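One structure is given below, encoded as structure tokens.
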Amino acid sequence: MSERTEEYYVPEGSPWPLVASVGLFLIAVGGTNFIQQSTAFGETLGNEGNWGHWVLAAGAVWMIVTLFYWWRDTIRESLGGLHSDQMDISYRQGMLWFIFSEVMFFAAFFGALFYVRWLVVPWLGGAGSNAMTHELLWPSFQAMWPLTETPSGETTQAMGAWGLPALNTAILLVSSITLTIAHHALLENDRKRLIIFQGITILLGLVFLFFQIEEYIHAYQDMGLTLDAGIYGSLFFMLTGFHGLHVTLGTVMLIVMFLRVLKGHFSPDNNFGWEAAAWYWHFVDVVWLFLFVVVYWL
Amino acid sequence: MTSVAATHEDHHDHHHAPTGWRRWLYSTNHKDIGTLYLWFSFAMFLVGGLMAMVIRVELMYPGMQVVAPDFFNQMTTVHGLVMIFGGVMPAFVGLANWMVPLMIGAPDMALPRMNNWSFWILPFAFAILLFSVLMSAFGPGNPPAPNFGWTFYAPLSTEYGPASTDFFVLSVHMMGISSIMGAINVIVTVFNLRAPGMTLMKMPLFVWTWLITAFLLIAVMPVLAGAVTMVLTDRHFGTAFFDAAGGGDPVLFQHIFWFFGHPEVYIMILPSFGIISSIVPTFARKPLFGYSSMVYATASIALLSFLVWAHHMFTVGMPLAGMLFFMYMTVLISVPTGVKVFNWIATMWRGAITFELPMKWALAFIILFTIGGLSGLMLAMTPLDFQYHDTYFVVAHFHYVLVPGAIFGIFAAVYYWLPKWSGVMYDKFWGEVHFWSSLVFVNLLFFPMHFVGLAGMPRRYADYALQFSDYNWWISIGGFGFGLSQLALLYVVLKCASKKGEAAPDKPWDGAEGLEWTVPSPAPFHTFEKPPLVK
Ligand SMILES: [Cu+2]
């Protein structure tokens, strides 16, 4: 590894941004057609083709390959010493603001949860000045949370907090600790400890995802808790589902960083990619804690 | 090691600009990407303008004239979307790209490749959205484009939304990704790439207002993404977010949407505040009055913008305490906004003012934006809003803040910095034509809307009661005139872009201050590779 430059590195032209935009375009067009061509509502829209999934898959592959080459270029520049300390700070700040944007995405769904739980459901039950709403729309509706019977009469069971969800909470908490141990190992140049504890973290992530899938199967097969079981099911699956998607992404990031550790890419003072993945993991962890309290527990 | 050395040399060898199509498609240069953004936004401005022309042709006379009511609804919807996400926002990002590094003495934007990605997502996103309009106009069976208004309220966009709704959802996702990445780039550039000595409180106000705008973008674009995602899952996957029968609430949509929507209107005005704060001191030949109060006012406006969203929903049904809260918060915003207008006027007080074109646009901005602000104050009063809600009074209000507000700010910026960008002075004659005709027609277009709105003409209808006929005829004339006036701008910009005109000195405005005037005109491909020292 060479000495780092002092100059702020402005890369020469790169094809990847444009190519990645094409990838997003394919994902958007393919994804939309796929949805319309495969759902019941989509049938009413008259989209009769059967090709959306191919375009979506092509777009996904296109995107993964593009990002691989894009980041390969970036990694080469970094290993070549072209990234100054100032550039390192740019990457770090960029990652933190990206995580902030993710927080706000989850905030939209958490906000929906609070609004529904504290206002909509009581109002439908006649609270406040809404006695006539209750009387005229669904007089037999009982306000409760979790909403196990919707105004139109769909029923479901509520997902308890103790059991799998509590176990998953423990798993994520432990994974945060093991990742922190790995982080210290990275900073102290202790390769062996880094590899072991990062490996454990990845395994914990995979176990979490496995249990999450188990929980979904249980919900769908035994509890009648589905995405279309009213607002409780909607919120439950959208919140835990988007969280699960982020755990998946975080696990992939950790795996990629694991491979890069094996290749010897990181050092105590050149490790942005690794730390970015670790920050992301902690963010996913915090979202889960919040989720455990307001979705499962309370 | 040799490869590294080679890359280094390579880097130094390539200080001349790359040429051909690669220069634009592969760009990592903040000036080129800024230019791309500005041209894209101008193209969208014309496309959205054409849709406005369709609306005004239809409304010129009472009764149905040229388009079917559903197509009229598609025009109002897509006009709004194109102007907001394709016209105003990319124009501001383009200006930020060009000017923020020049103003703070940075070599480029902090993350140049991501910068290019932010841009190139946009043409694809708008291709998806505009394709649905083309299909609606010319495609087999004319499947409708989005027709539920740019605010896409549920259930119009869920149960009743046409097939194009889903494409609209994904194109909004792409616009959001683009905006968020663009905003991250601006924030990081400002925080990390300022020249030595350029402390935060020495930054030009355009940089400050953009920094705060970028914060707003990162905070609310993901919320918009959440809203469109819920629309998509409500449509296709049986979720009940906006469906009362499942325990959800269509009003929830409005809350989420306007939590994004209100900060969004400041996203579309704060950078213009920054532009005006750069231009007024230059042509008044006095330093900006109350610099730090301008910074704090901008920050207060931004923070308050998160607490006022439900003023768009007074008639929808809300607890009284909620209505009062949102009314008072909204009225509170007029305080920092008033501080700004006061400071601009105080800057001009006893200044040696000259009236070059950028200053003309700035003055028009201050007066006409204030009109839009005052009608906004009227709309903020809950009981008054019961009368004005969803009438042309609202249309008049937000067009006053967006057209002679945000867009006049952009025009002011273009005339102010065009000499720096192109190296030649703009064509004064056609610039004056552009200004005066825009000024007259924009008022003819939007001012009478206050009257028809107060008299009860509802917005978003393809027809109206006969008593509104005379005003609507004049409004349409104003619309056509304003649309045609923009061709003068196209001519002025094309002439500068082809380097025809009087050569511009490095600092064409004698009262101007700031780092951007210390570099040659036109600004060379790379600037401030060695950061300047700011005293
Ligand atoms: Cu508002």
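For region B:505-535, the set of residues classified as touching a residue at least 12 places away in the same chain (Cβ under 8 Å), within 14 Å of chain A (Cβ to nearest Cβ) and surrounded by fewer than 15 Cβ atoms within 10 Å (Cβ to Cβ) consists of B:F525, B:E529, listed by residue number. Taking every residue in region B:295-318 that is within 14 Å of another protein chain (Cβ to nearest Cβ) and pairing it with any residue that is within 14 Å of the ligand (Cβ to nearest atom) and outside any helix (DSSP H, G or I), at least 6 positions away or on another chain, yields no pair with a Cβ-Cβ distance below 8 Å. Of all the numbered requirements in (1) out of contact with any His (no Cβ under 7 Å at 6 or more places or on another chain); (2) farther than 20 Å from B:L25 by Cα; (3) small (G, A, S); (4) at the interface with another protein chain (Cβ under 8 Å from one of its Cβ atoms), A:S21 misses one, and that requirement is (2). Restricting region B:444-476 to residues that are polar (S, T, N, Q) and within 20 Å of B:V57 (Cβ to Cβ), the residue that is surrounded by the fewest Cβ atoms within 10 Å (Cβ to Cβ) is B:S469. Restricting B:M323, B:M327 to those that are assigned to a helix (DSSP H, G or I), within 13 Å of the ligand (Cβ to nearest atom) and either farther than 20 Å from B:I267 by Cβ or in contact with a Ser or Thr (Cβ under 8 Å, 6 or more places away or on another chain) (or both) reduces the list to B:M327. For region B:283-320, give me each residue that is surrounded by 21 or more Cβ atoms within 10 Å (Cβ to Cβ), farther than 20 Å from B:M201 by Cβ and away from the ligand (no atom under 16 Å from the Cβ). Passing the criteria: B:F283, B:A284.
For A:F242, state whether it is in contact (Cβ under 8 Å) with a residue 12 or more places away in the chain, farther than 30 Å from A:L82 by Cβ and touching a Pro at 6+ places or on another chain (Cβ under 9 Å).
Details: in contact (Cβ under 8 Å) with a residue 12 or more places away in the chain: yes; farther than 30 Å from A:L82 by Cβ: yes; touching a Pro at 6+ places or on another chain (Cβ under 9 Å): no.
When the stated conditions are applied, A:F242 does not pass them.
Name the single residue, out of those in region A:76-92 being in contact (Cβ under 8 Å) with a residue 40 or more places away in the chain and among the aliphatic types (A, V, I, L, M), that is surrounded by the fewest Cβ atoms within 10 Å (Cβ to Cβ). The extreme case among them is A:L79.
Taking region A:41-78, which residues are among the aliphatic types (A, V, I, L, M) and modelled with pLDDT of 95 or more? Matches in region A:41-78: A:V55, A:L56, A:A57, A:A58, A:A60, A:V61, A:M63, A:I64, A:V65, A:L67. Within region A:93-148, the set of residues being part of a loop (DSSP other than H, G, I, E, B), more than 9 Å from every other protein chain (Cβ to nearest Cβ) and in contact (Cβ under 8 Å) with a residue 24 or more places away in the chain comprises A:W145, A:P146, A:T148.
What about B:T370, is it within 15 Å of the ligand (Cβ to nearest atom) and closer than 22 Å to B:H399 by Cβ? Spelling it out, it is not the case that B:T370 is within 15 Å of the ligand (Cβ to nearest atom) and closer than 22 Å to B:H399 by Cβ.
Scanning region B:57-67 for residues that are surrounded by fewer than 20 Cβ atoms within 10 Å (Cβ to Cβ) and either at negative phi or without any contact (Cβ under 8 Å) to a residue 60 or more places away in the chain (or both) yields B:V57, B:M60, B:Y61, B:P62, B:M64, B:Q65, B:V66, B:V67.
Taken together, A:L124, A:L113 contain a single residue that is in contact with a Leu (Cβ under 6 Å, 6 or more places away or on another chain), within 30 Å of A:W288 (Cα to Cα) and buried (at least 20 other Cβ atoms within 10 Å of the Cβ), which is A:L113. If you go through region B:129-167 and keep only what is crowded, with 23+ Cβ neighbours inside 10 Å and on the phi > 0 side of the Ramachandran plot, you end up with just B:F152. Within region A:244-256, can you find the residues that are surrounded by fewer than 22 Cβ atoms within 10 Å (Cβ to Cβ) and of a type outside the set (G, A, S)? Of everything in region A:244-256, those that are surrounded by fewer than 22 Cβ atoms within 10 Å (Cβ to Cβ) and of a type outside the set (G, A, S) turn out to be A:L245, A:H246, A:T248, A:L249, A:V252, A:M253, A:I255, A:V256.
Answer yes if at least one residue in region B:77-91 is within 8 Å of chain A (Cβ to nearest Cβ) and either without any contact (Cβ under 8 Å) to a residue 60 or more places away in the chain or charged (D, E, K, R) (or both), and no otherwise. The answer is no, given that none of the residues of region B:77-91 is within 8 Å of chain A (Cβ to nearest Cβ) and either without any contact (Cβ under 8 Å) to a residue 60 or more places away in the chain or charged (D, E, K, R) (or both). When region B:107-124 is filtered for residues that are closer than 12 Å to B:G182 by Cβ and among the aromatic types (F, W, Y), the ones remaining, listed by number, are B:W117, B:F119, B:W120.
Which of the residues belonging to region A:112-149 are hydroxyl-bearing (S, T, Y) and farther than 18 Å from A:L239 by Cβ? Write out each step before concluding.
Taking region A:112-149 as the starting set, the residues that turn out to be hydroxyl-bearing (S, T, Y) are A:115, A:129, A:133, A:140, A:148.
Once the filter is applied, which keeps residues that are hydroxyl-bearing (S, T, Y) and farther than 18 Å from A:L239 by Cβ, region A:112-149 yields A:S129, A:T133, A:S140.
Mind listing whichever residues of region B:427-438 are surrounded by fewer than 24 Cβ atoms within 10 Å (Cβ to Cβ), in contact (Cβ under 8 Å) with a residue 24 or more places away in the chain and not small (G, A, S)? Correct list: B:D427, B:K428, B:W430, B:E432, B:V433, B:F435.
So, B:L95, is that one crowded, with 22+ Cβ neighbours inside 10 Å and modelled with pLDDT of 95 or more or not?
Numbers: crowded, with 22+ Cβ neighbours inside 10 Å: yes; modelled with pLDDT of 95 or more: yes.
Considered against the rule, which asks whether it is crowded, with 22+ Cβ neighbours inside 10 Å and modelled with pLDDT of 95 or more, B:L95 comes out as yes.
Filtered by the rule that a residue be assigned to a helix (DSSP H, G or I) and among the charged types (D, E, K, R), region A:201-237 gives A:E214, A:E215, A:D222.
I'm trying to understand the selection: among the residues of region A:1-53, which are farther than 30 Å from A:F272 by Cβ, part of a loop (DSSP other than H, G, I, E, B) and not β-branched (V, I, T)? Let's see the steps before the verdict.
Residues of region A:1-53 that are farther than 30 Å from A:F272 by Cβ, as a first pass: A:29-53.
Filter again for part of a loop (DSSP other than H, G, I, E, B), leaving A:39, A:45-51.
A:L45, A:G46, A:N47, A:E48, A:G49, A:N50, A:W51, listed by residue number.
Provide a single number: the residues in region B:267-282 that are within 16 Å of the ligand (Cβ to nearest atom) and assigned to a helix (DSSP H, G or I). Result for region B:267-282: 2. Could you check, for region B:207-220, whether at least one of its residues is more than 16 Å from the ligand (Cβ to nearest atom) and facing another protein chain (nearest Cβ under 7 Å)? The answer is yes, given that some residue of region B:207-220 is more than 16 Å from the ligand (Cβ to nearest atom) and facing another protein chain (nearest Cβ under 7 Å). Within region A:257-292, being surrounded by fewer than 19 Cβ atoms within 10 Å (Cβ to Cβ), farther than 17 Å from A:F208 by Cα and free of Cβ contacts under 8 Å to residues at least 60 places away in the same chain holds for A:L259, A:K263, A:G264, A:D269.
Of all residues in region B:353-389, those satisfying the criterion of being in a loop (DSSP other than H, G, I, E, B) and in contact (Cβ under 8 Å) with a residue 60 or more places away in the chain are B:I353, B:T354, B:F355, B:E356, B:H389.
Reported count of residues in region B:234-266, each being within 7 Å of another protein chain (Cβ to nearest Cβ), in contact with a helix residue (DSSP H, G or I) (Cβ under 9 Å, 6 or more places away or on another chain) and more than 16 Å from the ligand (Cβ to nearest atom), is 13.
Selection of region B:12-71 for residues being polar (S, T, N, Q) and within 28 Å of B:N97 (Cα to Cα) yields B:T19, B:S27, B:T28, B:N29, B:T35, B:S41.
The values are calculated or read from the model by the stated rules, or taken from the named source; none is laboratory data. Owing to the predicted nature of the structure, the values given are computational and were not obtained by experimental measurement. All Cβ positions, glycine included, derive from the backbone under ideal geometry; neighbour counts span all protein chains shown.
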